[in-house]
Amino acid sequence: MEPRPNDTAYHRPVLLAECLAGLDVQPGGRYVDVTFGGGGHSARLLERLTTGHLYSFDQDADAEAEAARLARPQFTFVRANFRDLAAELRRRDALPVDGLLADLGVSSHQFDTPERGFSTRFDGPLDMRMDTDGGPTAADVLNDYKEADLHRIFGMYGEVTNARTLAATVAQARRGCPLATIQELKTAIQSVMPRGKENKYLAQVFQALRIEVNQEMDALQEMLLQTADVLRPGGRLVVLSYHSLEDRLAKNFIGKGKFFGEVEKDFFGHETKPFTALNRRPEEASAEEVALNSRARSAKLRVAVRN
């Protein structure tokens, strides 16, 4: 597939063909990309529209600047967190929609910009905010959270095996001087990293901090619950996740209409859930795609239809 302006250096979309197929894009349809990022998926989706319309959400100022390159009558960029999905679409008289795409996680551009603080590959400030206009940073979390809360987020969001020891190590390190940079964090926790698995360990730690800073799990649950209201019957829900926490929420919501517990049933014993899964197992990237784009390695794609 030939590269396009929005899927090269700034962002290479993952499982692009599979996402578009899952959306079953119709030229006159109304679609939502709740995670514009670098615009790779949005750009290709727009190519398939004639009288239709695409609404793309992102809270990142860099994404808003990138979206300007796609300006056309069929496209509206919404500078907002996708947890405000229904309200923002209602304001634009854009309900219901025919398909919704959620490509979760961090864009290539965010990872590759040192001052954003998302990547372990660079030194830079411990920021990690998707929306840089406000809110606590990763440094705020590391320096201000109680040790017990650090233990919780490292274990829950990073699935770090020695989360308690890690939290204690951070609490000890910050007593001398607040942690402000990526290198300072790496140095502070070097003694608790498993030998030979440092990169994987750091990735888990950074994942935990990023999820906490951006309230990603809460926002994802709020957004998914709204999809049942914004999609028309027969509309498609396409969710692309990159770690087990996200995938588990998407799987449970599609399969049960809720995140925890068993699917609810009506008086006659029929399951009452808003979606039907179109793939029993999530689709994954081919070896060829992973070779071109390492971010695709952990991607899992789930597709569902609104009942």
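Within region 182-190, identify whether any single residue is open to solvent by 20 Å² or more (accessible area, probe 1.4 Å) and β-branched (Val, Ile, Thr), and answer yes or no. Scanning region 182-190 turns up at least one residue that is open to solvent by 20 Å² or more (accessible area, probe 1.4 Å) and β-branched (Val, Ile, Thr). Only one entry in Ala173, Ala148 is without any contact (Cβ under 8 Å) to a residue 24 or more places away in the chain, buried (at least 18 other Cβ atoms within 10 Å of the Cβ) and farther than 27 Å from Ala296 by Cα, namely Ala173. Out of curiosity, is Arg129 within 21 Å of the chain's Cα centre (by Cα) and open to solvent by 10 Å² or more (accessible area, probe 1.4 Å)? In short, yes.
This table checks each residue for (1) part of a strand (DSSP E or B); (2) of a type outside the set (A, V, I, L, M, F, W, C); (3) assigned by the TED database to the domain that holds Ala87.
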| site | (1), (2), (3) |
| --- | --- |
| Val32 | yes, no, yes |
| Ser42 | no, yes, yes |
| Leu46 | no, no, yes |
| Ser56 | yes, yes, yes |
| Ala67 | no, no, yes |
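Return yes or no: is Ile211 in contact with an Asp or Glu (Cβ under 7 Å, 6 or more places away or on another chain) and surrounded by 19 or more Cβ atoms within 10 Å (Cβ to Cβ)? No. Checking each residue in region 207-248 for being among the hydrophobic types (A, V, I, L, M, F, W, C) and outside any helix (DSSP H, G or I) picks out Leu231, Leu237, Val238, Val239, Leu240. Taken as a whole, the condition of being out of contact with any Cys (no Cβ under 9 Å at 6 or more places or on another chain), at pLDDT 95 or above, over 14 Å from Asp103 (Cα atoms) and open to solvent by 20 Å² or more (accessible area, probe 1.4 Å) applies to Pro73. Kindly evaluate Leu95 against the criterion of being open to solvent by less than 40 Å² (accessible area, probe 1.4 Å), in contact with a helix residue (DSSP H, G or I) (Cβ under 9 Å, 6 or more places away or on another chain) and either in a loop (DSSP other than H, G, I, E, B) or not hydroxyl-bearing (Ser, Thr, Tyr) (or both). No, not satisfied. Scanning region 249-266 for residues that are of a type in the set (Gly, Ala, Ser) and part of a helix (DSSP H, G or I), we see that the one that is surrounded by the fewest Cβ atoms within 10 Å (Cβ to Cβ) is Gly255.
The values are calculated or read from the model by the stated rules, or taken from the named source; none is laboratory data. These numbers were taken from a predicted model, which means no experiment stands behind them. Virtual Cβ from ideal backbone geometry, glycine too; neighbours counted across all protein chains shown. Heavy atoms of the whole protein, side chains included, go into the accessibility calculation; ligands, DNA and RNA do not. Shrake-Rupley method; radii C 1.70, N 1.55, O 1.52, S 1.80 Å.
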